[in-house]
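Data first, discussion second: the structure below is written as structure tokens.
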């Protein structure tokens, strides 16, 4: 079946360094992708999204890159801060039989920012 | 900002009890979702609804039902709670249609069944 997965389950970076979190997807028809951040004990928080007609999108301190050729996307966080420590999920947005879009989630990467 | 509110953050229920988890969104979204999140299993879709009184099964609907009587409210019901339903439950909502619309989550409801 289709799946969205992450290359690494954990990532540790020094405060101030840049972080790169990777995600692979297998559904070649995927056309919309979202990155979420989930802090301990809280619900997933939307960070940034990208549509398949783009290969790069920038937000505040975050950049998402999409490579449709190899079905891979990444989240780059600039100047990582302690508050960035969380689990990061990528998600692919697909159409169900009822035309309501659902999300297929990756398993998540735990980002730890070291002092 | 989009607001998805789950009324109960922490619940402890006994095996066999009927449990209601309530969710309200304030952005007039057509779609609403219930997920559960378990360590090592990630987020799994239980049910979703794309309109009032409409519902569709997700990946793990067994042991659950839902109710969508009003557009802003989507309830998850455990008819007879069991210990394997101990989990974190997440409600979410999004606009209907289009190439893809961001799905916004609530803060989660931690359910323990003893």
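See the values below:
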read-out	value
Extreme residue, farthest from the other protein chains (Cβ to nearest Cβ), among residues of region B:104-114 that are modelled with pLDDT of 95 or more and in a strand (DSSP E or B)	B:113
Search result, residues across region A:39-52 that are over 11 Å from the mean Cα position of the chain (by Cα), surrounded by 14 or more Cβ atoms within 10 Å (Cβ to Cβ) and either more than 14 Å from chain B (Cβ to nearest Cβ) or touching a residue at least 12 places away in the same chain (Cβ under 8 Å) (or both)	A:44, A:52
Residue, nearest to residue B:105 (Cα to Cα), within region A:60-107, restricted to residues that are at pLDDT below 95, part of a loop (DSSP other than H, G, I, E, B) and away from chain B (no Cβ under 14 Å)	A:60
Flag for residue B:70 being more than 13 Å from every other protein chain (Cβ to nearest Cβ) and farther than 26 Å from residue A:108 by Cα	yes
All positions within region A:64-87 that are in contact (Cβ under 8 Å) with a residue 60 or more places away in the chain and in contact with a strand residue (DSSP E or B) (Cβ under 8 Å, 6 or more places away or on another chain)	A:78, A:80, A:81, A:82, A:84
Hits in region B:41-79 - residues which are part of a loop (DSSP other than H, G, I, E, B) and farther than 15 Å from residue B:23 by Cβ	B:41, B:53, B:59, B:60, B:61, B:62, B:63, B:79
Residues that are away from every other protein chain (no Cβ under 14 Å) and on the phi > 0 side of the Ramachandran plot, drawn from region B:12-42	B:16, B:28
Residues of region B:1-37 classified as part of a strand (DSSP E or B) and either surrounded by 13 or more Cβ atoms within 10 Å (Cβ to Cβ) or in contact with a helix residue (DSSP H, G or I) (Cβ under 8 Å, 6 or more places away or on another chain) (or both), total	18
Among residues of region B:80-103, those that are modelled with pLDDT under 95 and outside any strand (DSSP E or B), counted	9
Of the criteria (1) within 14 Å of chain A (Cβ to nearest Cβ); (2) under 20 Å from residue B:95 (Cα atoms); (3) surrounded by 15 or more Cβ atoms within 10 Å (Cβ to Cβ), which one residue B:51 fails	(3)
Among (1) touching a residue at least 60 places away in the same chain (Cβ under 8 Å); (2) crowded, with 17+ Cβ neighbours inside 10 Å; (3) not in a strand (DSSP E or B), the one test that residue A:27 misses	(2)
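The values are calculated or read from the model by the stated rules, or taken from the named source; none is laboratory data. Being a predicted model, the structure only gives us computed values, none of them experimental. Cβ coordinates were reconstructed from backbone atoms using ideal geometry, including for glycine residues, and neighbour counts include every protein chain displayed.
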